[in-house]
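The values are calculated or read from the model by the stated rules, or taken from the named source; none is laboratory data. Computed from a prediction, not measured in an experiment: that's the story for all the values here. No Cβ is skipped: glycine too gets one built from the backbone with ideal geometry, and neighbour counts run over all protein chains shown. Heavy atoms of the whole protein, side chains included, go into the accessibility calculation; ligands, DNA and RNA do not. Shrake-Rupley method; radii C 1.70, N 1.55, O 1.52, S 1.80 Å.
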Amino acid sequence: MRISFRPIILFLTLHCSFLVHADDSAVSGVASAKEQATERRIAGLWHDVNNSNFANGHLIVSQQGSEVFTAHYLEFKGIPFVEHGAGKREQDTITVKVQVTQQIPGWTTEGVHTLTLSEDGQYLIGEYFSGGNKGPLKFKKAGK
């Protein structure tokens, strides 16, 4: 009988020793990261709210790991404009190299967008850089 209790006693001794020295930081860090990822979602549909010159503007953002992909349609003073891009996400900022597929006359066909998620998670705010020019960008989250 005594022999069958040895493995149980050994297990309990090791288990208690582990619990005495356990640190919840790894577990709580994982939970916080999951909560933060859910709260700080960038992927989805965004509406262009930059200014009154931009109408029917829609930005679709998808994310796979740290890679980000975009498709953007807008009408600038009634003229349609389409671009797509690929880039990276670092924390709450995405940097995307864009390629224009339907150009507004006089505008360049390549650029870089840098957008940062607002504190409340409802806006992507940043700038475009294209052909030596730069300007503001602002998108409001659509739906949830």
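Determine if segment 118-135 includes at least one residue that is under 12 Å from the mean Cα position of the chain (by Cα), at positive phi and open to solvent by 50 Å² or more (accessible area, probe 1.4 Å). There is no residue in segment 118-135 that is under 12 Å from the mean Cα position of the chain (by Cα), at positive phi and open to solvent by 50 Å² or more (accessible area, probe 1.4 Å).
Look at segment 129-144: where a residue is farther than 16 Å from residue 118 by Cβ and in contact (Cβ under 8 Å) with a residue 24 or more places away in the chain, no partner that is in a loop (DSSP other than H, G, I, E, B) and among the basic types (Lys, Arg) sits 6+ places away or on another chain with Cβ atoms under 8 Å. Listed by first and then second residue, the pairs linking a residue in segment 80-91 that is farther than 26 Å from residue 55 by Cβ to a residue that is part of a loop (DSSP other than H, G, I, E, B) and open to solvent by less than 40 Å² (accessible area, probe 1.4 Å), with Cβ atoms under 9 Å apart and 6 or more places separating them unless they lie on different chains, are 89/42; 91/40.
Taking segment 119-138 on its own, how many of its residues are of a type outside the set (D, E, K, R) and closer than 22 Å to residue 56 by Cβ? Walk me through it before giving the result.
Applying the first criterion (of a type outside the set (D, E, K, R)) to segment 119-138 yields 121-126, 128-133, 135-137.
Adding the requirement that they be closer than 22 Å to residue 56 by Cβ leaves 122-126, 128, 130, 135-137.
Residues that pass the stated criteria total 10.
Residue-by-condition table, conditions (1) open to solvent by less than 60 Å² (accessible area, probe 1.4 Å); (2) out of contact with any Lys or Arg (no Cβ under 8 Å at 6 or more places or on another chain):
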position	(1), (2)
44	yes, no
48	yes, no
55	yes, yes
63	no, no
68	yes, no
76	yes, yes
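Within segment 66-93, work out how many residues are closer than 16 Å to residue 141 by Cα and among the acidic types (Asp, Glu). Counting residues in segment 66-93 that are closer than 16 Å to residue 141 by Cα and among the acidic types (Asp, Glu) gives 1.
Scoring residue 35 on the criteria (1) surrounded by 10 or more Cβ atoms within 10 Å (Cβ to Cβ); (2) modelled with pLDDT of 50 or more leaves a single failure, condition (2).
Looking at 111, 135, which is the one that is at pLDDT 90 or above, under 17 Å from residue 51 (Cα atoms) and not in a loop (DSSP other than H, G, I, E, B)? Exactly one of 111, 135 is at pLDDT 90 or above, under 17 Å from residue 51 (Cα atoms) and not in a loop (DSSP other than H, G, I, E, B), namely 135.
If the requirement is being surrounded by 19 or more Cβ atoms within 10 Å (Cβ to Cβ) and of a type in the set (A, V, I, L, M, F, W, C), which of these qualifies: 100, 96? First the steps, then the outcome.
Values: 100 fails: surrounded by 19 or more Cβ atoms within 10 Å (Cβ to Cβ).
Only one candidate qualifies: 96.
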